[in-house]
Each structure stands twice: as structure tokens, then as C-alpha cells.
Amino acid sequence: MPRALWSGSLSFGLVNVPVELHSAVRDRQLHFHQLHDRTLAPIEVHRFCTKEDVEVELEEIAHGYELEDGRQVVLSDDELAAAAPRRTKTIDIEQFAELAEVDPILFDHPYVLLPTGESDGPLRAYRLLHEVMGDSGKVAIGRFVLRSKEYLTAIRADGPVLSLSTMRFHDEVRPGTIAGAPTGRAHKPARRELDGAVRLIDSMAREFDPGRYKDRHRERLRKLIRRKADGERIERPKRQRSPAATPDLMAALEASIADVKSPA
């Protein structure tokens, strides 16, 4: 198990459960070095003052925030520290709620909470909270500080452990109207189109198995790197056109259902 990212206590009421925070996911993306294409030397990034054209040391950098009237407020690191959250060693649970009430769009990064120590008391408290939350189906909403930022979190029983997901605040999510969701009466589908869409969804429904889905882009990148290493010339692919809008929605639904049911 990798080193814990945070350690402290999960606190609800007067109960404190010692826990460690571990990331529940790992980075599997391919990472490239930036090189000068002519010399293949590594690229370095430097901070330059645009007025004096000199390199600026990190301790000489201030932080500017532009107001609506165009004025700029300049803050130093010490001044920014005045607004930093108070670092604590607890995840403070503020409420319990039904998991179905929490919109999945609010979830951000997943972590795992593991009990710390080997003494009976903390392990029993962890097991108690895990079993109660698993039986009730509830999710705990709380806050904690990781590094220098305060996060809203959702904690739930997930298999044999407690999982924690950092959450976005509600004002960080764009309302559907801003995203351009169609709401006019002219966009309302006909009943036969709704029935056809339901039949298509039912015909494609199966038990979800995350192992069926692979990162195809990562696999293509690996193959491309191997081809390049073997001296093969890589050509830029032709740009594909976006598929045209469906002219006959009902016909497309019927054809899709037939295609799913086809043994081939």
C-alpha cells in the first residue's frame, strides 16, 4: 500500500475514528518530456518579468487579482495565508444523507479511508461506522483540509472499506440552461419515439462490468511509440467528419434495436 496522503480522525458527534487517506485511483496515462525538436534537449520553463525582461525568483512573485472595475489587488504569500483554512487532523462529519440525494456530478476525486493502528478500540469503531453506513445506505457529508485547501467530502461504505470522495461545491456546477439543454415544447419527443428509445435501452442493458472497458487511447499511444521506436514513419490521420444528424429518428431507433438483437 502506498504512503498515506493524510492521517487523522473521522469525527462524528463525540466519536473519533483514527484513519489514513489513500488515493483510490492511479495515474496510468503516458507522460512525455518536452524537447527541442532540433537538438532534442529538454525544455526548461523560466519566469520572466515582461517589463524588465529579467528572470524572477520564486520568492519575488506576488499574486494579482483583477477587480471588475479593472483595478488590480496585489497580495503577498503572507497576506494569502490569512485566508488559508485552519489545518486540522479531523474529517468533521456535518450530516448524513441518502446517497441517491447526492448528484454524481458533485463527486470529484475518490479516496479510501483505512483504519490506523492495531489496537482493538479504533478498529472496532471503524468497523462499527462501516457496518452502520452499509446497512443504512447513508452517505456522510463532511469537510477536511488536505495540504492547503478545505474540501467538501462524501464518505460511504464501499465493499470492505470506507471510501471518501472530494466534492465540488454547488456553485461550481453549471445549470442545465447554461449548458444549452433543449426545453421548448417543439423539442418534446413523440410517444412512439419514447417507446422506441426505451426498447433500445432495454435491449442494450446488462450487468455493469468495469473490466470490459479499456483505455483505447492509451493502447493506441503504446503501439504508436513501439512503431516509432522500430523506425516506422507515422502519418497524420485524415480528419474525420462529424456524423450527420439523424433525419428519421424513429427509423434510426428501429434499426438500432434490430442491430443489437442481431446474432452477428
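The values are calculated or read from the model by the stated rules, or taken from the named source; none is laboratory data. It should be emphasised that the depicted structure is a prediction, and the values quoted were computed from it without experimental measurement. Neighbour counts run over all protein chains shown; Cβ positions are idealised from the backbone, glycine included.
Here are some notes:
- Screening V139 against (1) out of contact with any helix residue (DSSP H, G or I) (no Cβ under 6 Å at 6 or more places or on another chain); (2) under 26 Å from L14 (Cα atoms); (3) modelled with pLDDT of 90 or more leaves a single unmet condition, (1).
- Looking at E98, E94, E150, just one residue is touching a residue at least 40 places away in the same chain (Cβ under 8 Å) and closer than 17 Å to L5 by Cβ, and that residue is E150.
- Of all residue pairs spaced 6 or more apart or on separate chains, none has beta-carbon atoms under 7 Å together with a first member in segment 3-15 that is within 16 Å of L146 (Cβ to Cβ) and touching a residue at least 60 places away in the same chain (Cβ under 8 Å) and a second member that is exposed (fewer than 12 other Cβ atoms within 10 Å of the Cβ) and hydroxyl-bearing (S, T, Y).
- Considering the conditions (1) within 32 Å of the chain's Cα centre (by Cα); (2) at pLDDT below 80; (3) surrounded by 10 or more Cβ atoms within 10 Å (Cβ to Cβ), P182 is excluded by exactly one of them, (3).
- Selection within segment 188-220 - among the charged types (D, E, K, R), within 15 Å of A252 (Cα to Cα) and at pLDDT 85 or above: R192, D195, R199
- Of all residue pairs spaced 6 or more apart or on separate chains, those with beta-carbon atoms under 7 Å, a first member in segment 49-62 that is β-branched (V, I, T) and a second member that is surrounded by 10 or more Cβ atoms within 10 Å (Cβ to Cβ) are V54/F48; V56/R47; V56/F48; V56/C49; I61/R47.
- Considering segment 73-88, the residues that are surrounded by 10 or more Cβ atoms within 10 Å (Cβ to Cβ) and among the hydrophobic types (A, V, I, L, M, F, W, C) include one that is modelled with the lowest pLDDT, namely A84.
- Boolean, R192 is on the phi < 0 side of the Ramachandran plot, basic (K, R) and more than 32 Å from the chain's Cα centre (by Cα): yes
- Any hit, segment 70-80, residues being under 27 Å from the mean Cα position of the chain (by Cα) and either under 28 Å from D215 (Cα atoms) or in contact (Cβ under 8 Å) with a residue 12 or more places away in the chain (or both): yes
- Checking the stated criteria, G70 turns out to be at positive phi and either surrounded by 12 or more Cβ atoms within 10 Å (Cβ to Cβ) or at pLDDT 90 or above (or both).
- Of the criteria (1) farther than 17 Å from S9 by Cβ; (2) in contact (Cβ under 8 Å) with a residue 40 or more places away in the chain; (3) out of contact with any Ser or Thr (no Cβ under 7 Å at 6 or more places or on another chain), which one Y126 fails: (1)
- Test: residue in segment 23-40 that is within 19 Å of A157 (Cα to Cα) and not in a loop (DSSP other than H, G, I, E, B): yes
- Residue pairs meeting the criteria (Cβ under 6 Å; at least 6 apart or on separate chains; first in a helix (DSSP H, G or I), in segment 185-207; second small (G, A, S)): L200/S256
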